[in-house]
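So the structure is just underneath, and the comments pick up after that.
The values are calculated or read from the model by the stated rules, or taken from the named source; none is laboratory data. As the structure is a prediction and not an experimental result, all values here were calculated from the model. Virtual Cβ from ideal backbone geometry, glycine too; neighbours counted across all protein chains shown. Just so you know, the surface numbers come from the protein's heavy atoms only, side chains and all, with ligands and any DNA or RNA stripped out. Shrake-Rupley method; radii C 1.70, N 1.55, O 1.52, S 1.80 Å.
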Amino acid sequence: MNTKRKVLLGIYALVFVMSITGIMRSTSSQAEFTIKAAIQASTQDEDYVGLVAFKEYVESKSEGRVKVDIYTSGQFCGSVPECISNLQQGVLEMFPSTAGGTGNFFAPAQVLDLPYVFTSDKQAICVLNGPMLDKIRQSVLERSLKIRLIGIANTGGWRNFATTKKPIHTPEDLKGQKIRTTPAEIQQQLVKQLGANPTPISWAELYTALATGVVEGSKNGIQDIIGAKLQEHLKYIILDGHSYMATLWWFSEPVWQTLPRDIQSIIQEGFKKQQAAANNLVATEEENSYKIFEQAGGTIYRPSVAEKQAFKNAASNMRGWFISEFGSEWLNLLESSVATCDAQQ
């Protein structure tokens, strides 16, 4: 073998070794596990802020073994059914759904959307971190839905009635109004019992529906209203606070079963960071969002205790409707949890 050939072979060998070394280093630096978390909201939303806190904690605590990828604005999946299906298939790891949205695949969860049950953030947070959370998690697992409830956080404060042309001060003022709801049956039932006409419309279509008069109002939290620029059409809000906007965070059960226990523990602790960050943002930004609404020409009506009671009385049959659909077990647990939390305050 001549000298030139020896030199070339030596160079090729060196390049090969360097390439293999580079690949090994690259592989060793890659995370063992990737968690893909998807939300329908934008980067301005509390769900996103919570996920950032989750990502920072999980990646740091796992020392790089876990990588968290966040997908916003429906980039990964465009609807709740599609996203839940992705979780069940193990294509997606994390996704949140509201209590009403959860009712589409686990109907008893609608108990969290019963109107005028919660009276404060502290009370609601206490209830949602207690036996209710454990029962929903266990029941979903027992039904083999292939998803696991990681925890519950707030996603926008409190739902109130907001309208485009007619101010609402009493339940009678709602009669005949076309109010946008989600497809969740419990939301439609509430609007019906208050005398209005429920109109299920997707969140993506709501802005146009308000602009064109397809609906004359909605039932949303103020931060969602401002985030979607709905204040350009909604001009009146009554702070009736008929429901606390709870969002249930789901994890793919097929994926969960592949994770080591230490990683599972890190994810569970990470959700506590997520929950705190989301809840804190809602608490700090809610007042500012109301100011933005008023600056846009909107009017906010703050009902008296007696006026709030009138709404509660008008919706009193909602409990009877829930029992007729799902029995009394879930309602009894909710009410006992509320009583326990009230006693602790």
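Considering (1) modelled with pLDDT under 95; (2) over 18 Å from the mean Cα position of the chain (by Cα); (3) open to solvent by 30 Å² or more (accessible area, probe 1.4 Å), the lone condition that ASN280 does not fulfil carries the number (2).
The single condition among (1) open to solvent by 10 Å² or more (accessible area, probe 1.4 Å); (2) closer than 27 Å to PHE106 by Cα; (3) of a type in the set (D, E, K, R) that LYS235 does not satisfy is (2). Among the residues of the range 185-194, those that are open to solvent by less than 30 Å² (accessible area, probe 1.4 Å) and modelled with pLDDT of 95 or more comprise LEU190, VAL191, LEU194.
Count, please, the residues in the range 164-185 that happen to be more than 16 Å from LYS312 (Cβ to Cβ) and in a helix (DSSP H, G or I). Lay out the reasoning, then the answer.
The initial filter retains those residues of the range 164-185 that are more than 16 Å from LYS312 (Cβ to Cβ), namely 164-167, 175-185.
Checking which are in a helix (DSSP H, G or I) leaves us with 185.
Of the residues in that region, 1 qualify.
Regarding the range 222-234, can at least one residue be identified that is farther than 22 Å from SER202 by Cα and at pLDDT 95 or above? No, there is no match, as no residue in the range 222-234 is farther than 22 Å from SER202 by Cα and at pLDDT 95 or above.
Scan the range 49-72 for residues that are open to solvent by 20 Å² or more (accessible area, probe 1.4 Å), part of a helix (DSSP H, G or I) and not hydrophobic (A, V, I, L, M, F, W, C) and jot them down. Walk me through how you get there before you give the answer.
Filtering the range 49-72 down to residues open to solvent by 20 Å² or more (accessible area, probe 1.4 Å) leaves 49, 52-53, 55-57, 59-61, 63-65, 67, 69-71.
Narrowing further to those that are part of a helix (DSSP H, G or I): 49, 52-53, 55-57, 59-61.
Hits for the range 49-72 are LYS55, GLU56, TYR57, GLU59, SER60, LYS61.
Could you say whether any residue in the range 199-209 is crowded, with 17+ Cβ neighbours inside 10 Å, touching a residue at least 24 places away in the same chain (Cβ under 8 Å) and more than 30 Å from VAL127 (Cα to Cα)? Yes: one or more hits. Across the range 212-232, the number of residues qualifying as open to solvent by 50 Å² or more (accessible area, probe 1.4 Å), within 14 Å of ALA162 (Cβ to Cβ) and either assigned to a loop (DSSP other than H, G, I, E, B) or of a type outside the set (Asp, Glu) (or both) comes to 3. For residues in the range 300-316 being open to solvent by less than 70 Å² (accessible area, probe 1.4 Å) and out of contact with any helix residue (DSSP H, G or I) (no Cβ under 8 Å at 6 or more places or on another chain), which is nearest to GLN231 (Cα to Cα)? Filtering first and then ranking leaves TYR301.
Those helices (runs of 4 or more DSSP H) of the range 80-134 in which 3 or more residues are touching a helix residue (DSSP H, G or I) at 6+ places or on another chain (Cβ under 9 Å) and surrounded by 24 or more Cβ atoms within 10 Å (Cβ to Cβ) occupy 99-102. There is at least one residue in the range 136-143 that is outside any helix (DSSP H, G or I) and farther than 27 Å from SER304 by Cα.
The set of residues from the range 25-40 being at pLDDT below 85 and either outside any helix (DSSP H, G or I) or open to solvent by less than 50 Å² (accessible area, probe 1.4 Å) (or both) is empty.
In the range 321-340, the residues that are open to solvent by less than 70 Å² (accessible area, probe 1.4 Å) reach residues that are polar (S, T, N, Q) with C-beta atoms within less than 7 angstrom, at least six apart or across chains, in these pairs: TRP321/GLN189; VAL338/GLN123. Residues considered: ALA209, ALA246. Of these, the only one that is outside any helix (DSSP H, G or I), farther than 17 Å from TYR301 by Cα and either of a type in the set (A, V, I, L, M) or modelled with pLDDT under 95 (or both) is ALA246. Of the residues screened, GLN264 is one that is out of contact with any Asp or Glu (no Cβ under 9 Å at 6 or more places or on another chain), over 29 Å from THR119 (Cβ atoms), open to solvent by less than 50 Å² (accessible area, probe 1.4 Å) and modelled with pLDDT of 95 or more.
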